[in-house]
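J.: I am attaching a structure below and will ask some questions about it afterwards.
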């Protein structure tokens, strides 16, 4: 009962978020990547599969939202692509052995969970969703 | 002819022999061709099976392989498509190729008969559908961006499914290929047989052709030689014809003259006949008159005969009465005898009486004289009567003879009458016969006129014949040219042409030169008389 309530609440929050909070997508990374230099170019390379491993040796793994304004906005900013274009890019790349394919999810929570649990993982969620289980990388930092 | 060696070679016999040989080879060729035809028919049936079913099936199999490959390629391209539109297009193409492949499998079921083929095709269809399901699964995973799952399907299930399809396809292919190979082997065997037959036939035909060419060459040579000789003979014959034609012209002219002379003679004969007809008519008239006269003579003779009969009877009567008279005279003679005896008795009595009976003696003497005279007279009369009887006898006999003669005369007169009647009839017939003779003579006259005209025509015909002989000479020249001989033509030309001109210009005077030419031509003609038709 409680979880149901919470879920509904979160959903309503999510639904209202763009209107109420002027939310913005943020890049989240696995905690193990804290201290890595994650500038825009590096992030772009990692997202487009050109960079397959971080400087500390862990493999780049992407947790991606399948669709939605958060994904679109974040990817637009980071690699100048929509979520669909991004996934197509990765489909062609992954299916030809060109890198480790991103894991795609339907919800930001799943993305958050995936990033929190997978070493070397990065992903985008709404700033409101991000929590302490991951490292939030501010755009431009 | 002075070519005894060519008599062996008779054209008809040669042609017959060649025809027989060719007929034998024709029969052989026919038999071989029939065998070849039968083989070709079976090959054709097999080839029809091959072309009608197996080859299209192979084509369909090729298409099937292509469409499955295309479907697979489309599925792979789906994986690599740039965007959603590309994915959609590839997915659609893959599905379409699968549908097409299913259609092709159905088509194959009609093209490849047999239970095994059906089972193989069923398996192939199932495999294809499995592949299509796997491809759809891959597409769904990719649409869902489940790259790992998609990768697994792509590397595992889809590849396996495609391999399975390929395997099934290969099995069907092998099956069809085996069928085709079996068919092809049988066809090949039949074709090898056909080739053998064709080679045999070809050899026979080549042999026959060579033989035919040789034969034609040989016959041509022989015929040319014979034609050459024939042409020479023809040229001599044509010159002889020209000569004969000239002679014929003369004869025709003579015939015309003779015919006109004959016509004149017939005119004369006709006139004589006219006269003869007149005479015959006179004859007939006379005969008719003679017939009348003879008839009258017969009647007169008949009358005379009747009179003669009367006379004979009268003679008989005379004889009878003379006999009567003779009896009477005998009586008178007896009376005279008795009277004589009485007178003698009286004289004796008177003598006895002396003187007194002297006067009586005188009377008795007188009576005795009278009696003697009576006896004499009676005797004379008897003699006369006997004479008369004898004469009348003779007269009767004569009259009988005369009667017989008259009867003869009557018979003769009858014969004469008949003969004269016959003569009259014959004369009549003769007259009509002569009339017919006249008509016949008229006909003869007409015929003679016609003969004269015909003779004229004959003369002109002879002239035509001469020109035809010239034409014949030309033809002989052409024949020589055709055969390739020059001697015959040179021989033919000068022989004819001058004669033709001479005949045309001086036809009446042509008799003597024509005769001379005939004399000259005679030995030649005997020499060039063809002995036989042998070559």
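Any read-out appearing in this document is the output of simple, stated calculations on the displayed coordinates, not a laboratory observation. Because the structure is predicted, anything quoted here is derived from the model rather than measured. Counting neighbours? That spans all protein chains shown, and the Cβs are built from the backbone with ideal geometry, glycine included.
J.: Once you sort the root eigenvalues of the Cα gyration tensor of region B:8-226 as a ≥ b ≥ c, which label holds: rounded (a/c under 1.5), prolate (a/b larger than b/c) or oblate (the other case)?
T.: Prolate, since a/c reaches 1.5 and a/b exceeds b/c.
J.: Just counting partner chain Cβ atoms within 10 Å, what average do the residues of peptide A:100-108 show around their Cβ?
T.: That works out to 2 on average.
J.: In peptide B:150-157, what is the residue-averaged number of other protein chain Cβ atoms found within 10 Å of each Cβ?
T.: Working: counts 4, 4, 0, 0, 1, 1, 0, 0.
Mean inter-chain Cβ contacts per residue within 10 Å come to 1.
J.: Between residue B:106 and residue A:56, what FRET efficiency comes out of the Förster formula 1/(1 + (r/R0)^6) with R0 = 45 Å and r the beta carbon distance, rounded to 0.05?
T.: 0.15
J.: Can you give me the distance in nm between label points at residue B:310 and residue B:443, each placed 7 Å from the Cα along the Cα-to-Cβ direction?
T.: 6.0 nm
J.: What nm value, rounded to one decimal, do you get for the distance between residue B:44 and residue B:115 when each label is placed 7 Å out toward the C-beta?
T.: Placing both labels 7 Å beyond Cα along the Cβ direction yields 3.5 nm.
J.: In degrees between 0 and 90, to the nearest 10, how far off the longest principal axis of chain B does helix B:159-352 point, with axes built from Cα atoms?
T.: Tilt relative to chain B: about 10 degrees.
J.: Just the Kirkwood number for the protein assembly as shown, please: inverse of mean 1/r across all distinct Cα pairs, in Å, one decimal.
T.: Final number for the Kirkwood radius of the protein assembly as shown is 45.9 Å.
J.: How high is the relative contact order of region B:93-247, in percent, with contacts defined as C-alpha pairs under 8 Å that are six or more residues apart?
T.: Normalised by residue count, the contact order of region B:93-247 is 19 percent.
J.: Is there a simple number for the mean count of other chain Cβ atoms within 10 Å of the Cβ of residues in B:164-174, and what is it? Please list the in-between numbers first.
T.: Numbers: counts 0, 0, 0, 0, 0, 0, 0, 0, 0, 0, 0.
If you average over the peptide's residues, the count of other-chain Cβ atoms is 0.
J.: Just want to confirm a number: the relative contact order over chain B, from Cα pairs under 8 angstrom separated by 6+ residues, in percent.
T.: So the answer I get is 24 percent.
J.: Also: Want the number for residue B:327 to residue B:300: 0.36 nm per residue separation, take away the alpha-carbon distance, what's left?
T.: On the way: separation 27, 0.36 × 27 = 9.72 nm, distance 4.04 nm.
Here the segment from residue B:327 to residue B:300 would lengthen by 5.7 nm.
J.: Compute the angle between helix B:358-483 and the longest alpha-carbon principal axis of chain B, please, reported from 0 to 90 degrees and rounded to the nearest 10.
T.: 20 degrees
J.: Now for a separate question. Sort B:93, B:268, B:334 so that the residue with the fewest other Cβ atoms within 10 Å of its own Cβ comes first and the one with the most comes last.
T.: Details: B:93 17, B:268 9, B:334 12.
Fewest to most other Cβ atoms nearby, the residues stand as B:268, B:334, B:93.
J.: Order of B:330, A:113 from fewest to most other C-beta atoms within 10 Å?
T.: Listing B:330, A:113 from fewest to most nearby Cβ atoms yields B:330, A:113.
J.: May I ask for the angle, rounded to the nearest 10°, between helix B:55-80 and the longest principal axis of chain B, with both axes built from Cα atoms and the value confined to 0 to 90°?
T.: Tilt of helix B:55-80: around 20 degrees.
J.: Hey, another quick one. Only helical DSSP H runs with n ≥ 4 go in: add -39500 (n - 2.57) per run for the protein assembly as shown, normalise by residue count and round the 222 nm mean residue ellipticity to 500 deg cm²/dmol.
T.: -29500 deg cm²/dmol
J.: Ordered by packing density, taken as the mean number of other Cβ atoms within 10 Å over each peptide's residues, highest first, how do B:310-319, B:419-428, B:70-79 rank?
T.: Peptide ranking by packing, descending: B:70-79, B:419-428, B:310-319.
J.: Also: Ordered by packing density, taken as the mean number of other Cβ atoms within 10 Å over each peptide's residues, highest first, how do B:223-229, B:12-18 rank?
T.: Details: B:223-229: 16.9, B:12-18: 12.6.
The densest-packed peptide leads the list: B:223-229, B:12-18.
J.: Just to confirm my numbers, what's the Cα centroid distance between region A:66-141 and region B:77-145 in Å?
T.: The two parts, judged by their Cα centres, are 35 Å apart.
J.: Moving to a separate point now. Shape verdict for region A:23-137, please, from the Cα gyration tensor: rounded (a/c under 1.5), prolate (a/b greater than b/c) or oblate.
T.: Verdict is rounded for region A:23-137.
J.: Under 8 Å for C-alpha pairs, at least 6 residues apart: give me the relative contact order for region A:23-137, rounded to a whole percent. Kindly include the intermediate steps, with their values, before the conclusion.
T.: Values: 213 pairs, mean separation 52.2, N = 115.
45 percent.
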